[in-house]
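Q: This is the structure I want to talk about, given as structure tokens.
The numbers here are math on the coordinates, done by the rules we state, and not lab data. Note that this is a predicted model, so its numbers are computed, not measured. We place every Cβ from the backbone using ideal geometry, glycine too, and count neighbours over all the protein chains shown.
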2 protein chains.
Amino acid sequence: MPAVSAARGRPTSNGAGQKRRAGRPSAAVLDKSGITAAALELASRKGYEGLTMAALAKVLDVAPSALYNHVASKQDVLLLVEDHLMSLVDVSAFAAGNWEDAVRTWAWSYRNVFAEHTPLIPVIAVLPVTDAPQTLAMYETVSKGFSDAGFPQERIVPAIVALESFIFGSAYDVTAPEDIFESGSMADATPYFTAAVRSSARDADPSGGRAEANAQELGRPADTAFRMGLEALISGLGALRGR
Amino acid sequence: MPAVSAARGRPTSNGAGQKRRAGRPSAAVLDKSGITAAALELASRKGYEGLTMAALAKVLDVAPSALYNHVASKQDVLLLVEDHLMSLVDVSAFAAGNWEDAVRTWAWSYRNVFAEHTPLIPVIAVLPVTDAPQTLAMYETVSKGFSDAGFPQERIVPAIVALESFIFGSAYDVTAPEDIFESGSMADATPYFTAAVRSSARDADPSGGRAEANAQELGRPADTAFRMGLEALISGLGALRGR
DNA sequence: TCTAATAAATGAATGACATTCATTTAGTGG
DNA sequence: CCACTAAATGAATGTCATTCATTTATTAGA
């Protein structure tokens, strides 16, 4: 009955570093959900460079090798985290509203969740949904939403994949440095591009000149590009519905 | 004059493993372009797991530490490779044809190049264009294409970024296993999704039943999704042009 | 022309990791 | 009661990228 150990207080760290002696403890210290939670917390706090098996073990107050009784590899840990994050993606709008609004809500939420976790994106690309119940649940809700909206069966998966591809790519874009497009010394050689960069930077400020804190939020270049692409996809894909 | 050493025959590997003695050699053995070429060749032949500094040094017939006289880090090597790949992206269609066709050609080419090199995608996301002349050249051509097509200045960069995000995400999708969406034992719990997956797999064969070798090429699920998303983006973004 | 600085190589550490293995202890099924 | 399995510890291992001291060659300046 793992429920007992899970319900017990202070699941990690037994306070004053009294070390556990070797051998199986009476109550199991580790389980997948604890590992997942600790990994997520660690990644959020220290970034993915800080998410090492040793650091994870330390948070959980075990020896690193103990982790391997519960996961096969570090990749496995990332899979657990990834699937957990999928449960944070907001699919609620597919229940009620119209398709356009539902896709908008879902896509923004999806991008925002993974923008903080881009190192997981390569993991997702190879992850069979069988091993990822939360991921599967998300796909089910979204698929139903597309079906209800009148999408022909055979176009549902490609349409979702196209949106997801855009979302993952856009999540990376969020992490890019603001000045990534500064051409510096080469500016003379690239007049069109340089002008375009200047002009988009100006336009990105929604306050029309009163550039303050909101320049970070509403005016983030990544948000402008995401909005533009998403609206294009919504209208273009929406046209594929059978009325 | 590095041209001399570059023009010399057998630039890598001095045949019968006679080792170079310590100290600076009369003719430089390494330079950035040689390192780039060797890294690309190694990655293509062995994959990115095989691209280690030690393996790279071996191909170039030097000690691993010698590489650090020319690049600051492995990340630096990836940057060199990445920028080189950008020169392989086909931007030629922006010179002549109409905007839609040019974007189509460019996007397919871009995706196909990076589908083989997805480990570089996280690198690109952080790479300032200043350090990447080929990348900058590509942006210049594309920007000019958008400008000539009547795009307002301030919308050019966001539109390109949106397309690029979709392209990078789609490049990952190409690498995904074909059966990634097989829900297996959970199929009962996800009827809509399962039906959609079945149906799209059937539809992916463009020969309408005569499934042969082309099922791999034209009918790849990733291609269907890419085509669908790209056409949606082209028509959606195209609408933003000022006539 | 000598000489100091710099460039470019070698080879031997270093340190961070993930992962494995032998060992110990504790439940569990027959 | 006993063999088996599960879950810990702690001590390797092996693979990496990276650094450092050292050696040799080229080059710029006096």
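Q: Give me the net charge for the shell around A:VAL123: Cβ to Cβ below 12 angstrom, other residues only, Lys and Arg +1, Asp and Glu -1. Intermediate values should be presented prior to the final figure.
A: On the way: positive: A:LYS74; negative: A:ASP76, A:GLU82, A:ASP83, A:ASP131.
Around A:VAL123, the charge tally is -3.
Q: Given label points at 7 Å from Cα along Cα→Cβ, what nm distances, shortest first, separate B:ARG241 from the same residue in every other copy?
A: In nanometres, ordered from closest: 2.8.
Q: Given Cα pairs under 8 Å that are at least 6 residues apart, what percent is the relative contact order of chain B? Mind showing how you got there, number by number?
A: Values: 186 pairs, mean separation 37.4, N = 243.
Averaging sequence separation for qualifying contacts and normalising by length gives 15 percent for chain B.
Q: Right, another one. Which of the aspartates and glutamates could be linked to B:LYS46 by a straight reach, that is with a Cα gap under 18 Å, when you skip same-chain ones fewer than 8 residues away?
A: Correct list for B:LYS46: B:ASP61, B:GLU82, B:GLU116.
Q: Moving to a separate point now. I'd like the GluC sites (Glu not before Pro) in the stretch B:163-205 restricted to DSSP loop residues with at most 14 other Cβ atoms within 10 Å, sorted by number. Could you put the intermediate results ahead of the total?
A: On the way: sites: B:GLU164, B:GLU178, B:GLU182; in loops: B:GLU178, B:GLU182.
Sparse-neighbourhood loop GluC sites (Glu not before Pro): B:GLU178.
Q: Right, next: Just the projected area, averaged over all directions, of the convex hull on the alpha carbon atoms of the stretch B:64-166: how many nm²? Each step should come with its number before you reach the end.
A: Working: hull surface 27.8 nm².
So the Cα hull casts an average projection of 7.0 nm².
Q: Right, another one. Once Lys and Arg get +1 and Asp and Glu get -1 on their Cβ, which of B:GLY229, B:SER185, B:PRO158 lies farthest toward the positive end of the dipole of chain B?
A: B:PRO158
Q: Still on this structure: Using only the Cα atoms of the stretch B:121-207, build the gyration tensor, take square roots of its eigenvalues as a ≥ b ≥ c, and label the shape rounded, prolate or oblate: rounded if a/c is under 1.5, else prolate if a/b is larger than b/c, else oblate. Kindly include the intermediate steps, with their values, before the conclusion.
A: Details: a/c = 3.18, a/b = 2.28, b/c = 1.40.
Here the stretch B:121-207 falls in the prolate category.
Q: Can I ask one more? For helix B:99-115, report the angle its Cα long axis makes with the longest principal axis of the Cα atoms of chain B; keep it between 0 and 90° and round to the nearest 10°.
A: Tilt of helix B:99-115: around 60 degrees.
Q: Report the local net charge at A:ARG104: Lys and Arg +1, Asp and Glu -1, summed over other residues whose C-beta lies under 15 Å from its C-beta. Walk me through the numbers on the way to the answer.
A: Details: positive: A:ARG111, A:ARG227; negative: A:ASP90, A:GLU100, A:ASP101, A:GLU164, A:ASP223, A:GLU231.
Every neighbour counted, the sum reads -4.
Q: Let me ask another. Counting each pair of different Cα atoms once, what's the Kirkwood radius of chain B in Å, rounded to one decimal? Before the final figure, lay out each step's value.
A: Details: mean 1/r = 0.0474 Å⁻¹.
That comes to 21.1 Å for chain B.
Q: For B:95-105, what's the mean count of beta carbons from other chains sitting within 10 Å of each residue's beta carbon? Mind dumping the intermediate values first?
A: Details: counts 0, 0, 0, 0, 0, 0, 0, 0, 0, 0, 0.
If you average over the peptide's residues, the count of other-chain Cβ atoms is 0.
Q: Which distances, shortest first and in nm, link B:PRO191 to the matching position in the other copies, using label points set 7 Å out along Cα to C-beta?
A: Values, ascending and in nm: 6.4.
Q: Using only helices, what value at 222 nm comes out for chain B when you add -39,500 (n - 2.57) per DSSP H run of length 4 or more and divide by the total residues, to the nearest 500 deg cm²/dmol?
A: Helix contribution divided over all residues of chain B: -17500 deg cm²/dmol.
Q: Now for a separate question. Would you mind computing, in nm to one decimal, how far apart the modelled labels at B:GLN75 and A:GLU116 are, each placed 7 Å from Cα along Cα→Cβ?
A: For B:GLN75 paired with A:GLU116, the spin-label model returns 2.3 nm.
Q: Quantify how strongly other chains surround peptide A:230-241 by giving the mean number of their Cβ atoms within 10 Å of each of its Cβ atoms. Please report the intermediate quantities before stating the final value.
A: Values: counts 3, 5, 14, 9, 2, 4, 12, 6, 2, 4, 3, 0.
Mean shielding count: 5.
Q: Let me ask you something else. Determine the relative contact order of the stretch B:26-71: mean sequence separation of Cα pairs under 8 Å and six or more apart, normalised by residue count, in whole percent.
A: 38 percent
Q: Can you list the lysines whose alpha carbon is less than 16 Å from that of A:LYS19, not counting same-chain residues fewer than 8 positions off?
A: A:LYS58
Q: Using the 2.2 N^0.38 Å rule of thumb for compact globular proteins, work out how the stretch B:26-71 stacks up: its C-alpha Rg over that value, please. Present the calculation step by step, with values, prior to reporting the outcome.
A: Working: Rg = 10.1 Å, N = 46, 2.2 N^0.38 = 9.4 Å.
Expressed relative to 2.2 N^0.38 Å, the Cα Rg reads 1.07.
Q: I would also like to ask the following. Summarise the partner chain shielding of B:142-148 as one whole number: the mean count of Cβ atoms from other chains within 10 Å of each residue's Cβ. Intermediate values should be presented prior to the final figure.
A: Values: counts 3, 8, 5, 1, 3, 5, 1.
Mean shielding by partner chains, rounded to a whole number: 4.
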